[in-house]
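Step one of this worksheet: look at the structure below.
Where a number appears in this text, it was derived from the coordinates with a stated rule and is not lab data. Everything numeric here is computed off the predicted structure, so don't read it as measured data. Neighbour counts run over all protein chains shown; Cβ positions are idealised from the backbone, glycine included.
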Amino acid sequence: MKRLICGVLLAVVAASPAAAFQRGDWVLSQWQGDENYYAGVVDRVDGKSVTVRYDDGDTDTRPANQVKKYNWRVGSRVECNFQRGGTWYPGEISKLNNTKLSVAYDDGDRETTNTGLCRSK
């Protein structure tokens with residue numbers, strides 16, 4: 001009986017979206033409910049909320065359903081703030097090393113930038 005109760009409790013905790021995250025996890029999170037996802041690190045998990053310190057330095061607390069595990073890889077589609085000019089252009093990650101990445105933009109331009117200047121859908 002004790003084993004059954006422990007199993008049920010573990011299942012309930014595992015089913016909680018915020019339980020999937022721990023402080024220090026690298027994640028993608030929506031900024032203030034935006035449809036795009038931005039890279040950051042989990043700073044705190046509180047109930048069903050996750051506080052994320054984004055790679056650009058901003059911090060925001062989001063519902064756990066607006067946060068997902070970091071999944072950018074070579075070949076991932078992203079939009080990046082080209083040369084920090086304020087305009088976001090679509091492209092594909094061609095090289096990735098921690099927070100630095102190279103992007104091959106759809107218009108043929110290339111740039112080495114950082115994850116704090118990129119986002120994905």
| remark: If R0 = 41 Å, then T87 and N65, at their Cβ-Cβ distance, give a FRET efficiency to the nearest 0.05 of 0.90
| said: For the pair K121/D109, report the inter-label distance in nm, with labels modelled 7 Å from Cα in the Cβ direction. | reply: 2.1 nm
| note | Given 4 °C, 1.567 mPa s and a Kirkwood radius over Cα pairs, the Stokes-Einstein diffusion coefficient of region 77-119 in µm²/s is 132 µm²/s
| Debye sum, Cα scatterers, region 21-69, no solvent: what log₁₀ I/I(0) at q = 0.31 1/Å? | -1.29
| request: Go ahead and run the numbers for FRET between D25 and K95, Cβ-Cβ distance against an R0 of 22 Å, rounding to 0.05. | output: 0.40
| field | Order by protection proxy (mean Cβ within 10 Å, highest first), peptides 53-64, 34-45 | value | 34-45, 53-64
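What does the net charge come to around G116 if you take all other residues with beta carbon closer than 12 Å to its beta carbon, with K and R at +1 and D and E at -1?
Every neighbour counted, the sum reads +1.
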| Options Q32, G57, V45, ranked by Cα towards positive dipole end of region 21-69, top entry (Cβ charges) | V45
| remark: Per the rule of 0.36 nm per residue minus the C-alpha distance, extending D46 to R77 adds in nm 8.1 nm
